[in-house]
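Here's the structure we're looking at; comments come further down.
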Amino acid sequence: MDWHQLWEVVSAPDNIPIVALIFLIPFYTWLGLRQGLANDRLIKQLEADPQLAKTHHRKTQPWKPGWVKEVHAWPYLLRMEFLASIIVTVILIVWSITLNAPLEELSNPNLTMNPAKAPWYFLGLQEMLVYFDPWIAGVVMPTLIIVGLMAIPYIDENPLGGGYYTLRQRKFAIGTFCFGFMLLWLAMVMIGTFLRGPGWVWFWPGRTWDPAYQPYMVNRNLDEVIPFSLLGLKAIWAKTIFGAFATGAYAVIAGLAIHRLITATEFNRKIYQRMSLIQYLTLQVFLVLMLLLPIKILLRLLFNIKYIWVTPWFNV
């Protein structure tokens with residue numbers, strides 16, 4: 001266990017925000033879910049007693065009869081925002097004084113750093129280069145992420161959960177966000193920061209980053225795992241058709257699984273019935289593509305399978 005190297009990686013100025021995310025993301029996720037569960041209990045209580053719903057303050061904060069239900073933005077809200085801005089400013093000042101900016105010498109093509117890593121907020125894209133073609137990981141995937149975020153307001157037909165935390169009324173949306181943001185994007189940032197060493201080789205935390213270490217890994221495509229030679233199929237067109245069939249089979253199976261998940265509860269079925277065909281197909285496309293990333297990661301790490309679909313024009 002190389003504790004010194006582990007400390008160097010954790011204490012690097014570039015990695016301080018990532019270390020902070022390890023603690024801040026779980027805390028605020030717990031805080032939001034805690035408030036959502038409290039609101040769910042209040043909603044259930046008000047639904048069970050219509051008379052109480054007319055008189056009770058519809059917030060989980062302490063309230064007594066006779067208290068005003070609304071407060072003015074000035075001075076209550078602006079005072080809290082002003083104090084928050086002061087606290088954040090103090091944190092940034094202390095941060096800038098105690099930590100040096102991660103600036104280095106001018107770029108030298110004869111002396112490149114190893115490993116050469118992107119800024120922490122781009123490490124997820126750099127990690128995706130291991131599992132996809134460069135143009136897919138660097139162009140297609142970021143474009144799909146941006147378009148998907150833009151499409152969320154037009155896909156979401158759930159009228160509930162706006163303006164307040166809730167878990168019971170937003171299970172599917174919260175689950176999708178946690179899967180996409182935490183288990184995919186943040187996980188790839190953590191992998192690129194703490195597990196990728198010289199040559200972008202996988203090193204477990206605490207293991208010495210040896211620049212001369214090269215693991216013996218034979219990357220194969222899916223058509224090379226299947227004994228194509230026994231079938232006499234060696235032409236590129238046969239491999240292309242096989243890859244298309246495998247990719248299509250995955251899309252069908254993943255789409256059916258997602259459909260079962262969407263319609264698993266009565267509440268989700270009501271939301272599903274409100275959606276148009278275009279909305280539902282758009283949702284399916286983005287979820288199927290989102291699920292493809294962890295599958296490609298597992299295939300690469302566990303079975304050394306690089307591509308599922310190999311063609312003369314692109315590889316998936």
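Quote the FRET efficiency, to the nearest 0.05, computed for W7 versus L301 with a Förster distance R0 of 22 Å and r equal to the Cβ-Cβ distance. Once the sixth-power term is evaluated, E becomes 0.25. Compared with the alpha-carbon gap, the fully stretched path from M80 to Y28 is longer by 16.9 nm at 0.36 nm per residue. Among (i) 24.2; (ii) 19.4; (iii) 14.9, only one was calculated for this model; which label is it, if the read-out is mean projected area of the Cα convex hull in nm²? Only one option fits the structure, namely (i).
Per atom type, the chain shows carbon and sulfur on 70% of its accessible surface, probed at 1.4 Å.
The magnitude of the dipole of the range 165-316, with charges of +1 and -1 set on the Cβ of Lys/Arg and Asp/Glu and taken from the Cα centre, is near 440 debye. In the range 1-56, a dipole from Cβ-located charges (positive for Lys and Arg, negative for Asp and Glu) runs towards its positive end, and of L31, W7, L21 it is L31 whose Cα lies farthest in that direction.
Stokes-Einstein D for the range 266-316 at 4 °C, 1.567 mPa s, Kirkwood Rh over Cα pairs, in µm²/s? Don't jump to the answer; show the numbers that get you there.
Numbers: Rh = 13.4 Å.
Taking Rh from Cα pairs, D becomes 97 µm²/s.
Expressed in units of 2.2 N^0.38 Å, where N is the residue count, the Cα radius of gyration of the range 189-313 is 1.43. Estimated purely from DSSP H runs of n ≥ 4, each contributing -39500 (n - 2.57), the mean residue ellipticity at 222 nm for the chain is -17500 deg cm²/dmol once divided by its residues.
A straight Cα-to-Cα reach below 17 Å connects K270 with the aspartates and glutamates D156, E157, residues fewer than 8 places away in its own chain not being considered.
Over 15 Å, how big is the tail of the calculated P(r) for the range 63-154, in percent of all Cα pairs?
80 percent
Determine, from the Cβ-Cβ distance of F177 and A151 and an R0 of 22 Å, the FRET efficiency 1/(1 + (r/R0)^6), rounded to the nearest 0.05. Taking R0 as 22 Å, the efficiency between F177 and A151 is 0.95. Exposed loop positions in the chain were taken to be GluC sites (Glu not before Pro) whose DSSP state is not H, G, I, E or B and which have at most 16 other beta-carbon atoms within 10 angstrom. Between these positions, the longest stretch is 158-316.
If R0 is taken as 51 Å, the Cβ-Cβ distance between Y121 and A38 corresponds to a FRET efficiency of 0.95.
Sequence-distant contacts, meaning Cα pairs under 8 Å at least 6 residues apart, place the relative contact order of the range 186-280 at 11 percent. Let me know the longest stretch in the chain that avoids all trypsin sites (Lys or Arg not before Pro) found in a DSSP loop with at most 13 other C-beta atoms within 10 Å. Counting at most 13 other Cβ atoms within 10 Å as exposed, the longest clean stretch of the chain is 70-233.
Compute the longest continuous run of the chain that contains no exposed chymotrypsin sites (Phe, Trp or Tyr not before Pro); treat a site as exposed when its DSSP state is not H, G, I, E or B and it has at most 10 other Cβ atoms within 10 Å. The partial results should precede the final answer.
Working: sites that count: W67, Y216, W313.
With chymotrypsin sites (Phe, Trp or Tyr not before Pro) excluded where exposed in loops, the chain gives 68-215 as its longest stretch.
Straightening the chain between M113 and W202 buys 30.3 nm, computed as 0.36 nm per residue apart minus the Cα-Cα spacing. In this simple spin-label approximation, Q45 and L160 carry label points 7 Å from Cα along the Cα→Cβ vector, and these lie 1.8 nm apart. What number, in percent, do you get for the relative contact order of the chain if the mean sequence gap of Cα pairs under 8 Å and at least 6 apart is divided by its residue count? So the answer I get is 24 percent.
Under the simplified labelling scheme, the N219-L281 pair shows an inter-label distance of 3.4 nm, with each label point 7 Å from Cα along Cα→Cβ. Overall, the chain carries a charge dipole of about 1240 debye about its Cα centre when +1 sits on the Cβ of Lys and Arg and -1 on the Cβ of Asp and Glu, all other atoms neutral. For the range 1-35, the residues whose backbone nitrogen is under 17 Å from a point 7 Å from the Cα of T98, taken along Cα to Cβ, are 8, 10-24.
Projecting the Cα atoms of V94, G175, I145 onto the charge dipole of the chain, computed from C-beta unit charges around the Cα centre, puts G175 farthest toward the positive end.
S11 exposes around 40 Å² of accessible area when a 1.4 Å probe is run over every protein chain in place. Taking a temperature of 37 °C and a viscosity of 0.692 mPa s, what whole-number D in µm²/s does Stokes-Einstein yield for the range 42-200 with Rh from Kirkwood over alpha carbon pairs? Calculated translational D: 154 µm²/s.
The values are calculated or read from the model by the stated rules, or taken from the named source; none is laboratory data. Not measured: the values here are computed from a predicted model. Note that we place each Cβ from the backbone using ideal geometry, even for glycine, and neighbour counts take in every protein chain shown. These accessible areas exclude ligands, DNA and RNA; they are computed on the full protein's heavy atoms, side chains included. Shrake-Rupley method; radii C 1.70, N 1.55, O 1.52, S 1.80 Å.
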